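Student: Input: one structure, supplied below.
Where a number appears in this text, it was derived from the coordinates with a stated rule and is not lab data. All values reported here derive from a predicted model rather than from experimental measurement. A quick note on method: Cβ atoms are made from the backbone with ideal geometry, for glycine too, and the neighbour counts reach across all protein chains shown.
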Amino acid sequence: MKGKIVPNGTIRDRFEKVDDKWIYHKVGYSHNGRPIKPNALRRNKPYVRELNRINSYKYRQVRREKLFEIYGNKCACCGESNPLFLSIDHINNDGNMHRKKLGCTSNVWRDMINHPDKTKYQTLCFNCNFGKRMNGGICPHKN
């Protein structure tokens, strides 16, 4: 019989006896090591996907608002205050290394909220942020 070692070290079999026949299942495992069969996974149902999409969007919006509360609600360069135009900028232009170190943007945002440091990050509008990138690290408004 095949089995899988889960994080707690126990082996869970992928076989199930149904009507005197052994059936092999590809099984996922929950955080507590219990097997989850693919037909029992709810995430493939359309209404669950839609709820996950909506909840993810709301969660990102809450995090974004927290970031702007910490780092300011207007562009540090031109003063733009419309939240749709704002973004967070790495002052030392090391955002790529920061993302590689932490794995993804979501983890970067979490790190920026949990360890606020206004000497490393600032709020810029997308125009100033892109202009800074294209102009060698200096916003065109400051030239």
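Student: Which stretch or stretches of the range 122-142 have amide N atoms under 20 Å from the point lying 7 Å from ARG99's Cα along the Cα→Cβ direction?
Tutor: 122-139
Student: Computed FRET efficiency, Cβ-Cβ of ASN55 and ASN135, R0 41 Å: what is it to the nearest 0.05?
Tutor: In this case the efficiency is close to 0.60.
Student: Step through the table entries LYS66/LYS120; LYS66/LYS101; LYS74/LYS120; LYS74/LYS132; LYS66/LYS118; LYS74/LYS142, compare each Cα-Cα distance with 20 Å, and write down the pairs that go over it.
Tutor: Violating the 20 Å Cα-Cα cut-off are LYS66/LYS101.
Student: Report the full-extension gain for the segment GLU69 to THR119: residue separation times 0.36 nm, less the Cα-Cα distance, to one decimal in nm.
Tutor: That pair, GLU69 and THR119, stretches by 16.4 nm at full extension.
Student: Please arrange CYS139, CYS75 by counting, for each residue, the other beta carbons lying within 10 Å of its beta carbon, fewest first.
Tutor: CYS139, CYS75
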